[in-house]
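First up is the structure itself, then whatever we jot down about it.
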Amino acid sequence: MDAMDRAILTELQLDGRLTVTELAARVGLSVSPCHRRLRDLERAGAIRGYRAVVDPAAVGLHFEAVVFVTLRWEDPDTVTTFEEAVAAVPHVLQAQRLFGEPDYLLRVATADLAAFQRLYDEQLARLPGVQRLTSTLVMKHIVDERPLPE
């Protein structure tokens, strides 16, 4: 990956709706080489996809929490079962396995505190292998959806 590929990735992270013509103009390439590089980046997996970034509050999800999960055991079966179950919970926007303790970090969005409490009690606390949940509320986003550094 060279500087031109990185420039293409930067521009697409800022505006994924750019046409190839607009992208080529922004990075200083003609359309054909830009299109070829774009296809190569997609094939190589550097570009995993294109999507709209939706404001959670605009769709009624005004409440966000970070939930830390500690498992009872970390054997392969428990980990696999937990990860499959957490991936099936629609209100979990992100789930990351961590080194050390806790074992997982979940980013969760719900309509309000009452909805979060129901999600916590009825789904998150019942996920397989869970020993402990600890949560904290998101007060404000300082950096959100930032493009990856070059």
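Can you name every one of the strands (runs of 3 or more DSSP E) wholly within the stretch 71-150 that holds 2 or more residues which are within 30 Å of Asp5 (Cα to Cα)? Show your work before the answer.
Working: elements: 92-97, 104-110, 130-137.
Answer list for the stretch 71-150: 92-97.
Would you mind finding the one in Arg107, Arg97, Arg118 that is of a type outside the set (Val, Ile, Thr), open to solvent by 80 Å² or more (accessible area, probe 1.4 Å) and closer than 27 Å to Glu145 by Cβ?
Details: Arg107 fails: open to solvent by 80 Å² or more (accessible area, probe 1.4 Å); Arg118 fails: closer than 27 Å to Glu145 by Cβ.
Going through Arg107, Arg97, Arg118 in turn, the sole match is Arg97.
Scan (1) assigned to a loop (DSSP other than H, G, I, E, B); (2) open to solvent by less than 70 Å² (accessible area, probe 1.4 Å); (3) closer than 30 Å to Thr19 by Cα; (4) of a type outside the set (Val, Ile, Thr) for the single condition Ala57 breaks and write down its number.
(1)
Is it true that Arg97 is over 30 Å from Leu12 (Cβ atoms) and either of a type in the set (Gly, Ala, Ser) or in contact with a strand residue (DSSP E or B) (Cβ under 8 Å, 6 or more places away or on another chain) (or both)?
Criteria not met by Arg97.
Across the stretch 3-49, which residue is least open to solvent (accessible area, probe 1.4 Å) among those that are hydroxyl-bearing (Ser, Thr, Tyr) and part of a helix (DSSP H, G or I)? Even if it seems obvious, please write down each step before you answer.
Applying the first criterion (hydroxyl-bearing (Ser, Thr, Tyr)) to the stretch 3-49 yields 10, 19, 21, 30, 32.
Cutting the leftovers down to part of a helix (DSSP H, G or I) gives us 10, 21, 32.
Values: Thr10: 30, Thr21: 89, Ser32: 80 Å².
Taking the candidates together, the pick is Thr10.
The values are calculated or read from the model by the stated rules, or taken from the named source; none is laboratory data. Quick caveat, the model's predicted, so the values are computed rather than measured. Cβ coordinates were reconstructed from backbone atoms using ideal geometry, including for glycine residues, and neighbour counts include every protein chain displayed. The protein model used for the area step is the full one, side chains on, heavy atoms only, and it has no ligands, DNA or RNA in it. Shrake-Rupley method; radii C 1.70, N 1.55, O 1.52, S 1.80 Å.
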